[in-house]
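No value in this document is a laboratory result; all are computed from the given coordinates. Because the structure is a prediction, the values reported are computed rather than measured. Ideal geometry is used to build each Cβ from the backbone, glycine not excepted, and the neighbour counts take in all protein chains shown.
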Amino acid sequence: MDRTIIVSGGDAVYYPLIDELRRSIVAASPDPAPAFGVIDGGLTADQAAALIGVGAHVARVPDDPDFPAAVFRRNANVAVNLGKPWLDRMFPGFDTILWLDADTWVQDFAAVRLVHGAAQRGALSVVQGGGRYWERQIDIRWLFGGIGGLGQVRSFFFKNGRHAGLPLAVLRDLGTRSLLNAGVFGLRADAPHWVAMRRWQRRILDRGGKPFSSDQVAMGLAVYQDGLPVELLPDGCNYIRPWRIDLASGKLVEWFYPYPPVGIVHLAGQKEIRFDPTATAEVTDLDGGHHALSLRFGHFHRMVEALRPMPATATNPPAAATV
């Protein structure tokens, strides 16, 4: 992974999360950590300088005539979403680019290796929405009480594709496809997906599509419409919920058996926790007990240490078995 970069990004409010992500990568990596890059979506000068001071590559949105600069000027908060299809241009000189949203952190570096390894096949490596953690794969709004089976598909792709004015034939195909979660993904720098995603992003924005979702819709179109290769990763490479902990190891694990360790924790939907490290979520242990824990890197570990079983010592022997 010598010529690999892990990239994230955000504004001044997201800076603590970006730095926690960087520190989690360093802590989890058994070898020297890969290079770390950041899209400057509104960092303060001091924050950018602090990241550069620890070796991060900090880049602003590209000065490229094809970049949707007008959209960015109207709403600088979408710098990250606009920038994802441009990572190969923003961070040149690397063979592989791995993206992790600012509200993620790495618990088990094996997940990073999976994202990287799948990308080496020339495919988009990504976790799909759905699977065993989604009770409903597609949301449907039933019309006239559902008489005659009439309903309206309410999937992410259908809703956002309709806002972007995509043709009905594309909407019908894309609307029932599994979401590709752009919060964590990997691509080789020479993969054709970058050009395809930029082309689709331009089309989406030109037709009034939402900038905030343009990256994820463009990614889906590059795979499902253009037929570019994809490698679907295990849920633990971009784990969102529900939350379970193995107190013996002190690690978050997946909810369902065999409870493998979560590789990359994603705080999507955890707005309070993202902006308040003292906020907590209910986390269930393997015995069914419930604990109020922060899910932020560092804060989580400090709280878990207080819960972990004390190891047996000469002065604290294990309890005698009863007959």
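The distance separating the Cα centre of the stretch 58-78 from that of the stretch 114-193 comes to 25 Å.
Using only the alpha carbon atoms of the stretch 134-275, find the Kirkwood hydrodynamic radius as the inverse mean reciprocal pair distance, in angstroms to one decimal. Write down the numbers at each step before the final one.
Details: mean 1/r = 0.0578 Å⁻¹.
The Cα-based Kirkwood calculation yields 17.3 Å.
Rounded to the nearest 0.05, what FRET efficiency is calculated for ALA248 and ASP139 with R0 set to 41 Å and r the Cβ-Cβ distance?
Details: r = 38 Å, r/R0 = 0.92.
It comes out at approximately 0.60.
Among beta bridges from DSSP that stay inside the stretch 236-305, the antiparallel ones total about 75%.
Only aspartates and glutamates eight or more places from LYS271 in sequence, or on another chain, were considered; those with a Cα closer than 15 Å are ASP101, ASP103, GLU282.
The peptide list 93-106, 3-16, put in order of mean Cβ contacts within 10 Å with the highest first, becomes 93-106, 3-16.
As a proxy for reagent exposure, TRP243, TRP142 were ordered by neighbouring Cβ count within 10 angstrom, fewest first; the result is TRP142, TRP243. Between amide H atoms placed 1.01 Å from N, distances below 5 Å from SER155 occur with ASP139, all of them 5 or more places distant or on a separate chain.
Using r as the Cβ-Cβ distance of ASN75 and VAL26, and R0 as 30 Å, what FRET efficiency do you calculate, to the nearest 0.05? Please list the in-between numbers first.
Details: r = 32 Å, r/R0 = 1.08.
Once rounded, the FRET efficiency stands at 0.40.
For the stretch 236-305, the Cα gyration tensor yields ellipsoid semi-axes of 18, 14, 11 Å (square root of five times each eigenvalue, largest first, whole Å).
The stretch between ASP64 and LYS210 holds 50.5 nm of extra length on full extension. This uses 0.36 nm per residue minus the Cα-Cα distance. Cβ crowding within 10 Å ranks HIS116, HIS193 as HIS116, HIS193, fewest other Cβ atoms first. Residues in the stretch 56-62 carry Karplus couplings, in order, of 6, 8, 9, 9, 8, 4, x Hz; the curve used is 6.51 cos²θ - 1.76 cosθ + 1.60 with θ = phi - 60°, and Gly or Pro positions show x. Would you please classify the overall shape of the stretch 69-108 from the alpha carbon gyration tensor, given that a ≥ b ≥ c denote the square roots of the eigenvalues, rounded means a/c under 1.5, and beyond that prolate means a/b larger than b/c while oblate covers the rest? In terms of gyration-tensor shape, oblate. The Cα atoms of the stretch 138-177 cover 29, 16, 16 Å along the three principal axes, with the biggest extent listed first.
Whole-Å semi-axes of the stretch 1-142's equivalent ellipsoid, largest first, each the root of 5 times a Cα gyration tensor eigenvalue?
Three semi-axes, in Å: 24, 22, 16.
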